[in-house]
Amino acid sequence: MPRGALAQEQLTLRRAVELALRNDTRVVEAAAKQESSAREADLSGARFGPNFFTGTGAMYTYGFPQTPGGTLPSIFNLAFTQTLFDAPARGRQRAARQRVEVQELATKRTRDAVVFETASAYLELVAVRESLDHLHRARDSAQTVVALELERLKEGRALPLDVLQARLAAARLTEILVALESRDGALGDQLRVLTGVRSEAPIQVVLEDLPSLPERSTAELSVAAAAASPELKGTQLEARAREDTLAGERGGYWPSIDLVGNYAVFSRFNNVDVFFNRFQRNNLNLGIEARVPIFSTQTGAAVALARSQVIEAQAAVNRQREEIGVQVRRAAERVRETSARRDVAEVELAVAQEAVRLAEARMAEGRAARIDREKALVEEGRAWDLFFQAEWARKRAQLELRRMTGELAQLFP
């Protein structure tokens, strides 16, 4: 679909999230890092698989035949090696596999962040545009109030202070409108970047609501957040990886065993028949090579380092658990606070709407002037703005809590 044509259509919340997950560079980068982590794990385990090497060359010999590596020069050689037992290398391989899962969790965390940012920007843009729609009408009413106050001032039925107050109310509405229009442009640009829509055409959004959150206690939310937290899971996997590394380094005191083999074709050209009693052109060696550590300061230092890293990772797991509990409690409190603020804003809006209805009814009966109705419309516009801002704050708090409990991915699979 052409990007310009896409921007002309109404962009739903679910569609915006889908486009963001497809086009956001952070998701692409996280997937690439996950792939690199898997390849690094494969590389760490490559030495436990069969490895074949072959080669040939030419060398002038004067005296004893010897290559720079200390072997006899050969016309053709084929070498085979495979590690059968190497505890430190095996421990590092297990740790690398654990870190692949850590990177998978990092990718999930990135996806959740993109979903949250996109949904948050979308819902805020909806709230801003709804507020702008009502505030534009309220500003028209405020300007009408200014004109009516000027007429009343000329007729001697109003004071200059009344005119100044009317102008102040209109100026304040204009200030709010300017700020909201600026925010509208910033949110539109943000959504274009997130979704990959680069066209200059305006993004059309629709008013949407989120499913209500089920009633749960803070303890239940904390348990759900701990079970779903990619940060905590990643820290736990990192701790296991370091434990595997420590176990492997401790195995460094044991011998390492390799399966080795070599086939070589020699030539008399390099004086091999002169320095050896018997010349044999084709040579094959196959066996097991064991290296027994007698004294190695590196092994002791590696074990000490791995042990300290395990203690550090375990402390990080405990700290992460405590932080999740605190963050969930704060998020749950924000949901309650924003829900209460939204209920107040809804009642205030109902009061403002009733005031407009009464003003219109009294004006129809001749018991109220037009200025009373226009002032009521101004207050109604302000009430609408407060209501949409409170509704947006409530939705954002719910999104944050859903992200912590792992329900955000279920809301936008």
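The values are calculated or read from the model by the stated rules, or taken from the named source; none is laboratory data. Here the structure is a predicted model, which means the values were calculated and not measured. Counting neighbours? That spans all protein chains shown, and the Cβs are built from the backbone with ideal geometry, glycine included. The protein model used for the area step is the full one, side chains on, heavy atoms only, and it has no ligands, DNA or RNA in it. Shrake-Rupley method; radii C 1.70, N 1.55, O 1.52, S 1.80 Å.
See the values below:
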item: The stretch 157-172: number of residues that are of a type in the set (A, V, I, L, M, F, W, C) and closer than 16 Å to G381 by Cα; result: 5
item: Subset of the stretch 24-39 (residues that are open to solvent by 50 Å² or more (accessible area, probe 1.4 Å), within 11 Å of the chain's Cα centre (by Cα) and of a type in the set (D, E)); result: E29
item: Options R152, R240, R157, R192; residue that is modelled with pLDDT under 95, open to solvent by 80 Å² or more (accessible area, probe 1.4 Å), out of contact with any His (no Cβ under 9 Å at 6 or more places or on another chain) and part of a helix (DSSP H, G or I); result: R240
item: Number of the exception - E289 against (1) out of contact with any Lys or Arg (no Cβ under 9 Å at 6 or more places or on another chain); (2) of a type in the set (D, E, K, R); (3) in contact (Cβ under 8 Å) with a residue 24 or more places away in the chain; (4) more than 30 Å from T81 (Cα to Cα); result: (4)
item: Odd one out for E312 among (1) modelled with pLDDT of 85 or more; (2) on the phi > 0 side of the Ramachandran plot; result: (2)
item: Pick from the stretch 250-287, criterion farther than 30 Å from S308 by Cα and touching a helix residue (DSSP H, G or I) at 6+ places or on another chain (Cβ under 7 Å), ranking: surrounded by the most Cβ atoms within 10 Å (Cβ to Cβ); result: F266
item: Residue list for the stretch 68-79, restricted to those being among the polar types (S, T, N, Q) and surrounded by 14 or more Cβ atoms within 10 Å (Cβ to Cβ); result: S74, N77
item: Only one of Q82, Q93 that is under 30 Å from Q34 (Cβ atoms) and surrounded by fewer than 19 Cβ atoms within 10 Å (Cβ to Cβ); result: Q82
item: Residue satisfying all of: in the stretch 202-230; in a helix (DSSP H, G or I) and among the polar types (S, T, N, Q); nearest to the chain's Cα centre (by Cα) among these; result: S222
